[in-house]
1. Hey, got a sec? Which trypsin sites (Lys or Arg not before Pro) in segment A:354-425 land in a DSSP loop and have at most 13 other Cβ atoms within 10 Å?
2. Residues with beta-carbon under 12 Å from that of A:Gly147, excluding A:Gly147: net charge, scoring Lys, Arg +1 and Asp, Glu -1?
3. Output ³J(HN,Hα) for segment B:305-317: one whole-Hz value per residue in order, computed from phi by the Karplus curve 6.51 cos²θ - 1.76 cosθ + 1.60 with θ = phi - 60°, and x for Gly and Pro.
4. Spin-label point model (7 Å from Cα, Cβ direction): what's the A:Thr70 to A:Trp44 distance in nm?
5. Can you give the helix-only mean residue ellipticity at 222 nm for the protein assembly as shown, where every DSSP H stretch with n ≥ 4 adds -39500 (n - 2.57) and the sum goes over all residues, rounded to the nearest 500 deg cm²/dmol?
6. Is the C-alpha gyration tensor of segment A:1-49 telling us rounded, prolate or oblate? Criteria: a/c under 1.5 is rounded; beyond that, a/b larger than b/c is prolate, otherwise oblate.
7. May I ask you to sort A:Arg673, A:Arg500, A:Arg194 by Cβ crowding, counting other Cβ atoms within 10 Å and putting the fewest first?
8. Hey, got the average number of other protein chain Cβ atoms within 10 angstrom for residues in B:161-174?
Amino acid sequence: MTDELQRAERDHLAAIEAAWSSKPGLPGFFSAVNHKQIGLRFIWTGVAFLLIGGVEALLLRIQLMRAENTFLGPDTYNQLFTMHGTTMMFLFAVPLLEGLAMYLVPLQLGTRDLPFPRLNAFGYWVYVAGGVLLNWSLLTGSVPDGGWFAYVPLTGPEFSPTRALDFWLLGVTFVEIAGIVGAIELIVVIMRFRAPGMSLGRMPLFVWSVLVMAAMMLVAFPFVIVASTLLELERKFGAPFYDAAAGGNPLLWQHLFWIFGHPEVYIMLLPATGVVSAVVAVHVGRRIVAYPLVAASLIGIAIVSFGLWVHHMFAVGLPVMVLGLFAMASYFIAIPSGIQVFAWIATIWEGRPRWTAPMWFVAGFFFIFVLGGITGIMVASAPWDLQAHDTFFVVAHFHYVLIGGVVFPMLAALHHWFPKMTGRRPTEWAGKLACAVMFVGFNVTFFPQHWLGLQGMARRVYTYDATLGWETSNLWSTIGAFVLAAGFAVFFVNLAHAWRRGAVAGGDPWCGDTLEWATASPPAAHSHDVIPVVGSRSPQWETGDPGLPDEVVEAVAVTGTSWQGRREVIRTSVLDARPQAIVSLPGPSYWPVISAVFLTVAVVGVLVNWVLLAAAGGLALLVSFVSWGESNRRAAAAGEGADDGGAADDADVLAARRRSAAGAMALHTDPGRSAVSTGAWLTVAVVMVLTGGFAYAYYYLRLGASAWPLDGTEPAALGGPLLAAVLVVVALTTASTIERGFLRGLLGWVALAGASVVQMVSLVASDADISADAYGAAVVTLTAWALIVAAAALAVRGLGVYHAARGQWSLSLVDADRPIWIGAGVVWLVMFAVVHLTPRVF
Amino acid sequence: MTRRMRLVAPAGALLAGCAEEQGSLAPASPDARAVDELLWVMVSLGAVVFILVITLLVYAGTGRRRTDENTGDRDDATPRSQWLVIGGGVALPVVVLVPLAVFMLVTANRVAPTGATELEVRVIGNQYWWEIEYPGGVTTANEIHIPARTPVRVVLETDDVIHSFWIPELGGKTDMIPGEQTESILEADEPGRYLGQCAEFCGIQHARMRMVVIAQEPAEFEAWLRYQAAPAAEPVGEQALRGRATFVETGCASCHTVRGTSADGELGPDLTHVASRSTLAAVTLPNTRGNLGGWIADPQSIKPGALMPPAPVTGPELLDLIAYLEGLR
């Protein structure tokens, strides 16, 4: 290559790098949206919470070390075990794994960022706010003490009157919202932004595990949000969803919580198994065998895991048939789990294993997780579970599966990808030492706890009698906990030391097979210099045949490096990853952090019953969201952030789309649905699950009631709600029409707004009382939910109509409008059927 | 300010003397024996599976049979790997779990709380003690007497939060849920004392919400029940008489019932025959003079968070109360 060409090449790359870089210093810290930065923030914040939760556990173990110990009083002990569980389950495991996914998945897919970078940043700030809210209580002294699964009525208004549980409920909800936001990002990037040629069957198994995890999050997390919302309504407004005396039912909490809670542990486990697949393949030099079976097992585990939740409730007095059914379903999940375990064993057998530090952690994972799986079968056996439930046996079981099955792979992941993230290698022998110490410490801590459970030691007890003979096992368990802590210390000191002084790592220190190893260590801001075309499951080991026409491959080579001063990625089709369009992503912005701050202010206002603060925060949040959208819209109009195939402005794009042109790029494919559209449909799916959760609560209470309405009166008049429903149907007919002109869009807006007004008036006129009984609570809550969703749709439609009337177009609003509009309409009609038709029909 | 004598028993002497068992590994009832069998079947099967998997892993990991070629790009299924994945991942679970499932279901049926019983007892969970009601108006607390070798239906209820009724040596646990009624069958193979524990976190003193089941020969049980049905013994002696007066005046009667007197409070345990019970405060303390006095004077120092306030009595008044209560056999 001539000097001139070389210089042009360098300038070209420098320009791409500049387009993708974040601002430096403090402004950069608050405005950064790059997935690698956000992903690392999730990871290290997660590690911080791991250490906090670990200290809480050590304090618990000190108290239990001796019978009748007085190190901690009962109140402090109960607070600490609540915070330990809450921190580990909500603030550490899922955020860290999501962060790892946010960091790695775009790299492994051969793309440059997640599709909604500013939303991703917002998710991080909301997570931090949730973590602060949950731990704020440690500063104010009003610490949650109802356990990490917060059973009612203990956590209801009567038995937990202080603000502690409100902090808990709202903090958890924040963190779950951040989780859902991240999940939507991950699904969209995996489905729509893979490198050309990376069909679904060529995705890395880690990416499969993340895809399945994210899909599970969209279905599971809404249930805990519904449960928490109903409890907060009971605590703040007296809505007796869980109060048996007023038609509520404490078991409703348990069902809603565990429908979330059981899939939650598989949400943690699946990406960890994805890590194992990734690490094993690299360190034995062989792709994981039976790839289709392993991918199918991930999906199988996800589906089956939604059918097991009642195994947390075996003791509540269920019929034998129900016990048997859920016990057998719990057994069944051993099959897809077993397929993965044996696929790894077979891979190791067929390959050439190098017993590096990450593989030591994988070995530890095998030993501990398999043992945990076996005790899992034991506690799944319903009649015997009635002995083990709520004892230290179960505590031992879940620490075996969670620390063995999730934490050990996480540590393997951190050691394995640390060179990629920082450009430095952690010391091998220190990693192995940490693993050995942790392995010994872990087993010494938790194996005796099986024994303690069999000896009758219940869980969540701050002390126990000296005559019961439990002291020796407890003492060993505490010693083990400190050894385990020492192991963690060695591990993180190793990383900290390596960060500054570790051996420099090249791009591919382990001879990896997936695309992240094709980038520099650490990767440049733009990750891949060229968007690759992929023809195999292990693109770094073999090139393979992408199966795309030559012209397409050439076009990608040209456009894949095209920069035009914008942040560009290629959107591809779902199944075969045929390139569809060039998308420009929005760059750094302060709106995500500002919005997160205002959201927190609004929520804190609700928490402390300061209406002015809540209203001010809410209003500021609304303004902030609109400004954020406006900032995106202007950037898109200026060429950045447009999913437009390169067209100059949005009106042209709409025209192009109407002509079904194959985009402005000669890519020979249908441009397909935009990323915003996919993201909006996924958001609507979440709203549907939330709606399903509310409906579940309604019908659960209905089925337990002898009369409905509970007080034996007639349900409220149908006229108003029926009129509103008709107006909503009218509004729904304008779902696809905003592109055709703003008048029909406006008509739809007026119809939905009118329906909302009619419904609100009807609700007030019917004297519905949220605190009267469970029926009143359900009617008011479900009606309010439909109104809230409608309000969101009105906001999106309203903005779209406003812009259209001024001759501007915002592609994102157009793409988001249809799913949200349809979603709001369906939610409304479902709520109408549930609230107004059910009492008349059943 | 009243001077109160503190007679708090030192923490270490709570149930000094005898080592006690509370575990499920010493089953003493048909139900407990049935699930114990299931346990040992599962442990045996589990041990075999675990050893098998780890052996395979170790064998696979200590690789010595490699060829020199790079195996990275060879495609998936060698016959050996197919055998491993299908054999280990599908066949092994099926072969182990199907028979186990059958045995598990049979056991579940055996221990289900169905079937008629001659005796039915109501147990009501409270924060942090157990109320027990027998047919015929007998109410007691924390100590359940049953006739040995006789199945007893226990009806479980609560009015405050969720508790769980668990006597490990006699069987699995059953939750008590506000607004619901659940059931369990208790049957002891032979006479003896069987310790139990609340097994669902119910608040600050969940750890000290224990109980004891005392199985007696049927004839002895009948005698006990007749005796418990009688109203409270009359106080004997001046001190005890003063004690009864103090009991009513200081407000003890507003929480506790003593049948045959005007004391009819229902917030705390029935004390009609309190002296016949072996423990206090839900099996937290042995029922001795010192412990009784300490408990009444300052329950919060023994069981902080218990719903019983300290008694506003002077030293002499406390001694009178103890004398009275000791007479309530």
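Taken together, the values in this text are just the output of simple stated rules run on the coordinates, not laboratory data. Predicted, not measured: the structure shown is a model, and the values here were computed from it. Backbone-built Cβ (ideal geometry, glycine too); neighbour counts: all protein chains shown.
1. Those that pass, being in a loop and sparsely packed, number zero.
2. -1
3. x, 4, 8, 9, x, x, 7, x, 10, 7, x, x, 5
4. Output for this residue pair reads 4.4 nm.
5. It lands at -19000 deg cm²/dmol.
6. Because a/c hits 1.5 or more and a/b exceeds b/c, segment A:1-49 counts as prolate.
7. Ordered by Cβ neighbours within 10 Å, fewest first: A:Arg500, A:Arg673, A:Arg194.
8. 5
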